[in-house]
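Below: one structure, written as C-alpha cells.
Each reported figure results from applying straightforward, stated rules to the coordinates on display, with no laboratory input. Because the structure is a prediction, the values reported are computed rather than measured. Glycine gets a Cβ as well: all are built from the backbone with ideal geometry, and neighbour counts include every protein chain shown.
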Ligand code: KIV
C-alpha cells in the first residue's frame, strides 16, 4: 500500500499507543540532519529518533559516549526544522541524565525547549525511574530503552545480545513494566531474544520498538545509514539493507572525478 504523506496527521505519543492497541506496526528510523529527515518524513516514517548513534555514524567515534547535550540539540534543531509528520524523539546522551533526576529533568527540558523535540529517550530501567517520573509528571514524554544499551558498553564489554540468561530476561520484563508505570510512552528493545521481546510486548500497554528484537514488537527502528547500506564494515544480522548507497555513492563520485579530470564537467548546459 502506498503512503500519502500529505494527508498524514502529525504523529503524537497518544497515536503510537493507539497504534499498538489497533495492532498497527510503528515504523521508526534515526535521523541526524535536515535533508535526510525530510526524505524519511515524507516517505511515511512515524518516529524519527535523533539518536546518540550520531556519535558513531556522523562523528566517527567507536561509541556513543563522547556525544554531548549540545550535539543533540544541534542535530535535533536541524531535524525539527523540516519534519512535518513524524514524532521527533531525541536521545539523552551519556551523563546528561545519570547524575540526578533534577539534572536529567533540566536537560530533557532543554531538548524540548531549545531543540524543539517532541520527546526524549533514555537508557536503563530501575536506575532511571525517578527521572522518568519527574519528566512525565511535568509534560516531557519519555521513551525507554532496554536490552543492549550502548551507553553501558564499557560495563557490558561487548555489543552481544542481552537478556539471554533467565535473570537478565526477568530484569528486562520488570524494567519494562516499571518504565510504563513511571509514565514512559514507548520502550525500545535492543538486541534481545525474540521470545523475550514478545513477552515484554504482551505485558506492556505502551508500544515496544525493536532493533534486533524480532518481529513481535509493536514497531521497528533501524539506524538509517545501516538500512541504506552506507557502510561496508557494519553488517549486523538484524539490519536489512534496503539499498546499497555505499556502492551508488562511490561510483557517482568516481564518475564525477573522471568528468572533472577529463574536462567534461561542467558542459555548456551546466554553464552560464
Ligand atoms: O542511538 C540510536 O540510534 C538508538 C537506536 C539504535 C534505537 O538508540
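When Rg is the radius of gyration of the Cα atoms in the chain and Rh is its Kirkwood radius, what does Rg/Rh come to? Intermediate results must be reported in sequence, preceding the final value.
Numbers: Rg = 19.7 Å, Rh = 19.4 Å.
Rg/Rh for the chain comes to 1.01.
Output the 0 to 90 degree angle, nearest 10, between the alpha-carbon long axis of helix 166-182 and the longest principal axis computed from the alpha carbons of the chain.
Between the helix axis and the principal axis of the chain, the angle is about 90 degrees.
Give the relative contact order (percent, whole number) for the stretch 173-272; include only Cα pairs under 8 Å separated by 6+ residues. Don't skip to the answer; put the middle values down first.
Values: 116 pairs, mean separation 16.7, N = 100.
Contact order relative to length: 17 percent.
Please report how far the C-alpha centroid of the stretch 218-269 lies from that of the stretch 62-124, rounded to the nearest whole angstrom.
28
How tilted is helix 69-82 with respect to the longest principal axis of the chain? Cα atoms for both, answer in degrees (0 to 90, nearest 10).
Once rounded, the angle reads 60 degrees.
Just order 76-85, 225-234 by mean Cβ neighbour count inside 10 Å, highest at the front, would you?
My ranking of the peptides, most packed first, is 76-85, 225-234.
Looking at the chain only, what percent of DSSP beta bridges run antiparallel? Nearest 5 please.
Once the DSSP bridges in the chain are tallied, antiparallel ones form about 5 percent.
Given an 8 Å cut-off on Cα distances and at least 6 residues of separation, report the relative contact order of the chain as a percent.
15
Compute the acute angle (0 to 90°) between the alpha-carbon long axis of helix 245-261 and the principal axis of greatest extent of the alpha-carbon atoms of the chain; round to the nearest 10°.
30
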